[in-house]
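Enquirer: Pasting a structure here, questions to come.
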Amino acid sequence: MGYRQHLVRSLLAIQADGGVELSDGRRVGIRPVLVGRNAEKLAEIAKRHEIAEWTTDLDAALADPRIDIYFDSQLTSARVPAVKKAIAAGKNIYAEKPIAETSEEARDLIALAEEAGVKNGVVHDKLYLPGLRKLRRLIDSGFFGRILSVRGEFGYWVFEGDWIPSQRPSWNYRSEDGGGIVSDMFPHWNYVLEGLFGQVRSVYAQAVTHIDERVDEQGKPYTATADDAAYAVFELEGGVIAQLNSSWDVRVHRNELVEFQVDGTLGSAVVGLFGAEIQPRTATPRPTWNPDVKDDHDYLADWHQVPETTPMGNGFRAQWEDFIRHVLDDGPHPYDFRSGARGVRLAELALRSSAGGKRIEVPAE
Ligand SMILES: NC(=O)c1ccc[n+]([C@@H]2O[C@H](COP(=O)([O-])OP(=O)(O)OC[C@H]3O[C@@H](n4cnc5c(N)ncnc54)[C@H](O)[C@@H]3O)[C@@H](O)[C@H]2O)c1
């Protein structure tokens, strides 16, 4: 994420296009300083992209008064100590999700950041995806009437690593290293649900480890201790029911790796990362259930594509531009540590629900 989405697709792409435009028309450039553990790798990336500065010394980088923003995309378990250092150094903070591994740590970060008066943000990339932006427009236009329910399918087959190398880092499958699909995906689900439909009021989840042995990057078998699938039902404010399946053990039989179906009294939509299809009330077919007669109706043909009417670029980049405007220009950016912390809390409550086999109320903040 740090290299591909944030450095190459966001920061370097913004820089190549002349920086970020502020409200007064000024454009500001970005001067990245790469920080990591491996000098050789950093030097290689810096050379490849003509980046002047890199260091393996985070403290030294944070002591540089020219730096405005500390961005963190380390593996999750390394995030909190580094973010705390950056707050202490007075930097504005932007960080990958989840912002912390526990609600307690997340609350700590909120208190520290607010006390230090630094701007803070957490990656909420899914809301910037073209498909979800089209959904936002459909909601704002009143297309759905009263929204009744949301069904989401996220996932794909992540190879175990024995005969085909796994396509995700192995730490994701070890709970002792901060892995687990609930802690990974529920922070996303929280901001997607509250950003589009309403705050989550309750959660029932069943988290499971379907595949308990995998093979790591070095070809060594390891015990997969983290949950790799979660089946959850959420009740949202206003009564919308959302049902989201998240799985790294599912073979894809849909158009995109994530899809949400939203059903409302006046219409329905199915959106993915990019696409959006709709079916209004006035063009809804009238199926009847008859197991004796083969039904040749093409139900998928009853849906209409929502066209791309305005260009929608990379979501990570779009959020970076918003965050930079927020830091320099006080532009709106509601996706702060508080929002990130609600995501961490939802993941915790979902795991509690799963452990106890119970529906759990999500208290108002
Ligand atoms: N927004 C999204 O859609 C999205 C998607 C995937 C991952 N993420 C988040 O991004 C973060 C990174 O995930 P990733 O998939 O890029 O993982 P990754 O393993 O590819 O990258 C993690 C980086 O941290 C470094 N690292 C490993 N151990 C470290 C340690 N002990 N101290 C410091 N650095 C260490 C690794 O060398 C690597 O460069 C995670 O917090 C994850 O939740 C977000």
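Enquirer: Could you work out the equivalent-ellipsoid semi-axes for the stretch 251-364, taking the square root of 5 times each eigenvalue of the Cα gyration tensor, largest first, in whole Å?
Expert: The three semi-axes for the stretch 251-364 are 36, 25, 13 Å.
Enquirer: Can you give the FRET efficiency to the nearest 0.05 for residue 44 and residue 75, using r as the Cβ-Cβ distance and R₀ = 25 Å?
Expert: 0.80
Enquirer: Sticking with this one: By DSSP, what percent of the beta bridges with both residues in the chain are antiparallel, rounded to the nearest 5?
Expert: 70
Enquirer: Net charge around residue 148, counting only other residues with Cβ within less than 13 Å of its Cβ (Lys, Arg = +1; Asp, Glu = -1)?
Expert: Residues close to residue 148 contribute a combined charge of +1.
Enquirer: Loop-only trypsin sites (Lys or Arg not before Pro) in the stretch 50-140, please: DSSP not H, G, I, E or B, and at most 13 other Cβ atoms within 10 Å.
Expert: 66
Enquirer: According to the Kirkwood expression over distinct Cα-Cα pairs, how big is the hydrodynamic radius of the stretch 12-92, in Å?
Expert: 14.1
Enquirer: Additional query: Going down the table (84/126; 97/119; 47/126), which pairs top 24 Å between alpha carbons?
Expert: 84/126; 47/126
Enquirer: Tally Lys/Arg at +1 and Asp/Glu at -1 over every other residue whose Cβ is under 14 Å from the Cβ of residue 139; what's the total?
Expert: +2
Enquirer: So which DSSP H runs in the chain come out at 15 Å plus along the axis (Cα) with average Kyte-Doolittle of at least -1.0?
Expert: Flagged H segments are 103-116, 130-141, 181-196, 315-329, 337-356.
Enquirer: Right, next: Assuming 0.692 mPa s and 37 °C, estimate D for the stretch 110-262 with Stokes-Einstein, Rh taken as the Kirkwood radius over Cα pairs, in µm²/s.
Expert: 191
Enquirer: What is the Cα centroid distance between the stretch 137-153 and the stretch 317-365, reported in whole angstrom?
Expert: That distance is 21 Å.
Enquirer: Stick to the Cα atoms of the stretch 1-158, pair each with every other, and give me the Kirkwood hydrodynamic radius in Å at one decimal.
Expert: 18.2
Enquirer: Same structure again: Run a plain Debye calculation on the stretch 96-152 (Cα atoms as equal point scatterers, no solvent) and give log10 I(q)/I(0) at q = 0.22, 0.24, 0.26, 0.27 Å⁻¹, rounded to two decimals, same order as the q list.
Expert: -0.87, -0.93, -1.02, -1.07
Enquirer: Per the Debye formula with a single identical scatterer at each Cα and no solvent contribution, what log10 I(q)/I(0) holds for the chain at q = 0.06, 0.11, 0.12 Å⁻¹?
Expert: With one equal scatterer per Cα and no solvent, log10 I(q)/I(0) is -0.25, -0.85, -1.01.
Enquirer: A further question on this structure: The stretch 7-112: which GluC sites (Glu not before Pro) are DSSP loop and have at most 15 other beta-carbon atoms within 10 angstrom?
Expert: Sparse-neighbourhood loop GluC sites (Glu not before Pro): 50.
Since every read-out is calculated from the coordinates, none of them should be taken as a lab result. Predicted, not measured: the structure shown is a model, and the values here were computed from it. No Cβ is skipped: glycine too gets one built from the backbone with ideal geometry, and neighbour counts run over all protein chains shown.
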